[in-house]
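The values are calculated or read from the model by the stated rules, or taken from the named source; none is laboratory data. As the structure is a prediction and not an experimental result, all values here were calculated from the model. Cβ coordinates were reconstructed from backbone atoms using ideal geometry, including for glycine residues, and neighbour counts include every protein chain displayed. Each accessible area value is taken on the protein alone, full model and side chains, heavy atoms only, with ligands, DNA and RNA left out. Shrake-Rupley method; radii C 1.70, N 1.55, O 1.52, S 1.80 Å.
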Amino acid sequence: MLGMVSSKAVSEQYRDVVLLTRNGKTVTGRIVRQHGNQLFVQTSPLDPTLTTFLASEIEEKSFSAVSSMPKGLLNTFTKAEILNLITCIESGADLKHRTFQ
């Protein structure tokens, strides 16, 4: 698919779609809403702006095999932040979990 390298695992709720329009434009993002023949796509996880497409404008739609999480994001975390993240994941963010004791 468009020569991309696959990410290890991407949860369906965060999975992007790749839209190829009839005029040859490729757009990657999350379909946030569909209303009638309109698709509302968020092309950046950091920007709530939505781009609107008519269904008739879409030539092809497929799921992206690549996460929209910025590559190397974990490299910007401190050791303490990484440990906090692991604790949060392990506990399910339950403050009563044994990992917080």
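Computed values, structure above
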| quantity | calculated |
| --- | --- |
| Loop sites in region 42-101: trypsin sites (Lys or Arg not before Pro), DSSP, at most 12 other Cβ within 10 Å | 71, 96 |
| In the chain, lysine pairs with alpha-carbon atoms under 22 angstrom apart (chain gap of 8 or more, or interchain) | 4 |
| Radius 12 Å from Cβ of residue 88, net charge of other residues (Lys, Arg +1; Asp, Glu -1) | -3 |
| Probe 1.4 Å, accessible area per residue of the chain, Å² | 78 |
| Between 0 and 90°, nearest 10: helix 79-91 axis offset from the chain longest Cα axis | 80 |
| Residue among 40, 63, 77 with the largest mean-square fluctuation in a Gaussian network model of the chain, springs linking Cα atoms under 10 Å | 77 |
| GNM top mover of 67, 44, 91 - the chain, alpha-carbon springs below 10 Å | 91 |
| Amide H contacts of residue 29 (H built 1.01 Å from N, under 5 Å, at least 5 apart or other chain) | 17, 19 |
| Identified option (computed mean projected area of the Cα convex hull in nm²; candidates (1) 6.6; (2) 5.7; (3) 8.8) | (3) |
| Rel. contact order, % - alpha carbon contacts under 8 angstrom, at least six apart, the chain | 25 |
| ³J(HN,Hα) computed for each position of region 22-28 - Karplus, 6.51 cos²θ - 1.76 cosθ + 1.60, integer Hz, glycine/proline x | 4, 8, x, 7, 10, 10, 10 |
